[in-house]
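The values are calculated or read from the model by the stated rules, or taken from the named source; none is laboratory data. Just so it is clear, the structure is predicted and the values come from calculations on it, not from any experiment. Using ideal geometry, Cβ is built from the backbone for each residue, glycine included, and neighbour counts are taken over all protein chains shown. Accessible surface is based on the protein model in full, side chains and every heavy atom, while ligands, DNA and RNA are left aside. Shrake-Rupley method; radii C 1.70, N 1.55, O 1.52, S 1.80 Å.
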Amino acid sequence: MQLLLKTAGVLLRGSHRSFSAGQTLREAAKRGLVLGMLSNKLVGAESTSLSAAQQQALLAQAAALGFKGEAGKAQAVLSDDLQQHIALVGLGAEEAGAIAAQDTTASEIVRTAVANGVRQLCARKVSSVDIAHLPHAQAAAEGARLALYRFNEFKSSADAKGADVTVTAL
């Protein structure tokens with residue numbers, strides 16, 4: 001398990017893999033993206049390369065799956081161009097505006113949501129996860145790190161080997 005993440009003063013080192021245009025669809029779909037969602041609005045999409053049409057398609061997929069962006073929840077979907085897995089992470093109700101507040105509860109919501117999103121992407125066997133710019137960046141970094149943690153001290157070497165996942169902040 002590898003991690004490369006620098007955000008809000010947190011730096012965790014690891015290896016970085018890049019993707020080229022000559023890859024197969026199977027290899028390209030091993031990329032993941034964690035994107036925030038408040039009710040029916042995406043958060044952090046401006047830090048990604050997603051077009052407005054792709055953002056609308058993601059919102060339509062979320063609605064079809066019944067995902068409303070509940071605080072701390074996550075829903076993994078495949079992008080409409082089949083190039084990457086996207087974890088929509090719930091940041092709560094938009095009208096509450098609580099996620100922008102600088103309090104412990106808002107940080108915990110982001111931490112839990114990002115952790116759930118990274119876990120869902122890892123379950124889909126992605127090798128690289130990008131985290132869109134979200135409020136409470138340090139909490140997002142902590143959530144990603146906690147999602148990748150594995151206690152392997154008492155496991156045999158075959159059981160202890162986890163997948164290498166590279167996490168970067170956008």
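Remarks
- The combined condition, being farther than 21 Å from Lys125 by Cα and open to solvent by less than 30 Å² (accessible area, probe 1.4 Å), is fulfilled by Gly90.
- Every pair of residues 6+ apart whose Cβ atoms lie under 8 Å, when the first sits in the range 24-43 and is closer than 17 Å to Ala64 by Cα while the second is at pLDDT 85 or above and of a type in the set (Phe, Trp, Tyr): Met37/Phe67
- Elements of type helices (runs of 4 or more DSSP H) contained in the range 98-163, each with 1 or more residues being modelled with pLDDT of 80 or more and open to solvent by 70 Å² or more (accessible area, probe 1.4 Å): 104-123, 137-148
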